[in-house]
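Trainee: Have a look at the structure that comes next, please.
Rule-based calculations on the coordinates, nothing more; no lab input. The structure presented is a predicted model; accordingly, all values stated were derived computationally and were not measured. No Cβ is skipped: glycine too gets one built from the backbone with ideal geometry, and neighbour counts run over all protein chains shown.
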Amino acid sequence: MQQLFAAFGLNGSLLIAQVVNFSIVLIALWYFLYKPVLAMLSRRQEMITKSVTDAAEVEALFARADGEVHARVQTADREAEKIVADARESAVSVKTQLLKEAEARAALIKSDAEARAMESIERARRESERDIARLAVLAAEKVLLTHHD
């Protein structure tokens with residue numbers, strides 16, 4: 001083997017020293033560099049996995065929240081429609097009540113106006129009767145006075 005090393009110009013003891021040095025550097029690199037890099041890569045892999053899982057959970061929460069918002073909007077729409085329908089019914093009821101009250105007031109005003117008209121007619125008739133009676137008395141006096149002369 002020495003001849004082979006000599007043929008290629010290699011020194012056996014130097015080669016062994018270089019192999020030992022390379023082994024020491026390799027072990028040192030493996031211990032101080034490779035292991036920490038693997039540990040860091042593992043932590044980053046876990047962080048990425050956790051981030052992906054969290055993102056999926058957040059997406060599911062958003063989907064659920066969107067569904068809840070949609071359901072609440074539908075509920076609010078139904079309640080608003082019910083409130084509007086109730087308000088319309090109430091308005092119709094109030095309108096009907098107001099119309100009845102207005103008709104009752106109109107009937108009361110009409111009957112009051114008719115009673116006043118009847119009173120005015122009766123008063124005018126009485127005054128007319130008085131005037132006719134007075135005119136009849138005056139006419140009778142005149143007739144009597146003209147027959148006496």
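Trainee: Calculate the tail of P(r) for the range 75-140: the fraction of all Cα-Cα distances greater than 19 Å, expressed in %.
Mentor: Result for the distance tail: 67 percent.
Trainee: Summing +1 for each Lys or Arg and -1 for each Asp or Glu, what net charge is found among the other residues whose Cβ lies under 12 Å from the Cβ of Arg88? It would help to have the intermediate numbers written out before the result.
Mentor: Details: positive: Lys82, Lys95; negative: Glu81, Asp86, Glu89.
That works out to -1.
Trainee: In addition: Given the Cα-Cα distance of Ala6 and Lys100 and 0.36 nm per residue of separation, how much length would full extension add, in nm?
Mentor: Going from the current span to full extension adds 20.7 nm.
Trainee: Quick one: P(r) of the range 2-148 from all Cα-Cα pairs, 10 Å bins, percents rounded to integers, in order of increasing distance.
Mentor: Per 10 Å bin, starting at 0, the Cα pair percentages come out as 8, 9, 9, 8, 7, 7, 7, 6, 6, 5, 5, 4, 4, 4, 3, 3, 2, 2, 1, 0, 0.
Trainee: Just grab the label-to-label distance for Ala117 and Ile83, each label 7 Å out from Cα along the Cβ direction, in nm (one decimal).
Mentor: Calculated label separation equals 5.0 nm.
Trainee: On a 0 to 90° scale, report how tilted helix 35-148 is relative to the longest principal axis of the chain, with both axes built from alpha carbons and the result rounded to the nearest 10.
Mentor: Helix 35-148 sits roughly 0 degrees off the main axis of the chain.
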